[in-house]
1. Of all residues in segment 221-239, which are in a loop (DSSP other than H, G, I, E, B), touching a strand residue (DSSP E or B) at 6+ places or on another chain (Cβ under 6 Å) and either outside the structural domain of residue 124 (by TED's automatic domain parsing) or within 23 Å of residue 112 (Cβ to Cβ) (or both)?
2. Which number in (1) in contact (Cβ under 8 Å) with a residue 40 or more places away in the chain; (2) surrounded by 16 or more Cβ atoms within 10 Å (Cβ to Cβ); (3) over 25 Å from the mean Cα position of the chain (by Cα) marks the one condition that residue 171 misses?
3. Return only the number of the condition from (1) assigned to a loop (DSSP other than H, G, I, E, B); (2) outside the structural domain of residue 168 (by TED's automatic domain parsing); (3) in contact (Cβ under 8 Å) with a residue 12 or more places away in the chain that residue 125 does not satisfy.
4. Out of segment 136-166, which residues are in contact (Cβ under 8 Å) with a residue 60 or more places away in the chain and either surrounded by fewer than 22 Cβ atoms within 10 Å (Cβ to Cβ) or in the same structural domain as residue 94 (by TED's automatic domain parsing) (or both)?
5. Out of segment 109-122, which residues are surrounded by fewer than 23 Cβ atoms within 10 Å (Cβ to Cβ) and either within 12 Å of the chain's Cα centre (by Cα) or closer than 12 Å to residue 94 by Cα (or both)?
6. Within the bounds of segment 251-268, is there any residue that is surrounded by fewer than 19 Cβ atoms within 10 Å (Cβ to Cβ) and in a strand (DSSP E or B)?
7. Out of all the residues in segment 179-204, which are farther than 18 Å from residue 76 by Cβ, out of contact with any helix residue (DSSP H, G or I) (no Cβ under 8 Å at 6 or more places or on another chain) and surrounded by 17 or more Cβ atoms within 10 Å (Cβ to Cβ)?
8. Is one or more of the residues making up segment 200-220 part of a strand (DSSP E or B) and within 15 Å of residue 51 (Cβ to Cβ)?
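The values are calculated or read from the model by the stated rules, or taken from the named source; none is laboratory data. All of these numbers come straight from a predicted model, not from anything done at the bench. Every residue, glycine among them, receives a Cβ derived from its backbone with ideal geometry; neighbour counts consider all protein chains shown.
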């Protein structure tokens, strides 16, 4: 009897030890608390042109990284360039090259994609293509009426409604630099904050011309050719379409990048991230 009681006591001790976690494993086979990824929020700010790509990247990354949250403020490249050194965003977005002075404020850059800039008109517009010189002349005010374009007007007449992004926009800076009319924008230009506003205005105004990221094109407006070359990803890749610029992400120079943020940036530059880039933009890998 005593021997039986002793055996039972040992079995009870073993049972208590196992279910209390004495085996070194969590109760009910649940993951140990230290193995659960800690939540972290990555703040992103800047270019409205880069934003559609960033939204896709964030959505895909979140599928396998549920602990990571994102806040995105797409208010223009200038805000991203200023926000990174100021600490108002952890990752900045720019749709143009940074100047040496801007880099000197304390910014590291990472090119994640290449994007064309499409010149757009209303779907009813008879114009199908312009030269770089004609586009420059429109945006500087040398040409103010469609009929002044001669054969390129295809019979279109009337005053040209020049639509542009606001000062500080990466897309505006890029097209001014590429077509060489920096700080010469015609005073009558209608300026809008954001790609969506440009599309909305051109889609409703039969006399308008504007410019947007090639990756943001949709059926509500049409892209015209430039120097007889269609605005397409294929033509940006082969070099025949000349109006293109980089999409750049920025972090604070000299400051340690959070491991979660670094992992996200590494993922963007890896095969999964660049696969998303290829959907509407040009991969850098």
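1. Once the filter is applied, which keeps residues that are in a loop (DSSP other than H, G, I, E, B), touching a strand residue (DSSP E or B) at 6+ places or on another chain (Cβ under 6 Å) and either outside the structural domain of residue 124 (by TED's automatic domain parsing) or within 23 Å of residue 112 (Cβ to Cβ) (or both), segment 221-239 yields only 231.
2. (3)
3. All conditions pass for residue 125, except number (2).
4. Selection gives 166 alone.
5. 109, 110, 111, 114
6. Looking for residues that are surrounded by fewer than 19 Cβ atoms within 10 Å (Cβ to Cβ) and in a strand (DSSP E or B), one finds none in segment 251-268, hence no.
7. Step one: list which residues in segment 179-204 are farther than 18 Å from residue 76 by Cβ, which gives 179-181, 184, 186-188, 202-204.
Keeping just the survivors that are out of contact with any helix residue (DSSP H, G or I) (no Cβ under 8 Å at 6 or more places or on another chain) gives 187-188, 202-204.
Those that are farther than 18 Å from residue 76 by Cβ, out of contact with any helix residue (DSSP H, G or I) (no Cβ under 8 Å at 6 or more places or on another chain) and surrounded by 17 or more Cβ atoms within 10 Å (Cβ to Cβ): 202, 203.
8. Filtering segment 200-220 down to residues part of a strand (DSSP E or B) leaves 208-213.
Still in the running and within 15 Å of residue 51 (Cβ to Cβ): 212-213.
Yes, segment 200-220 has at least one match.
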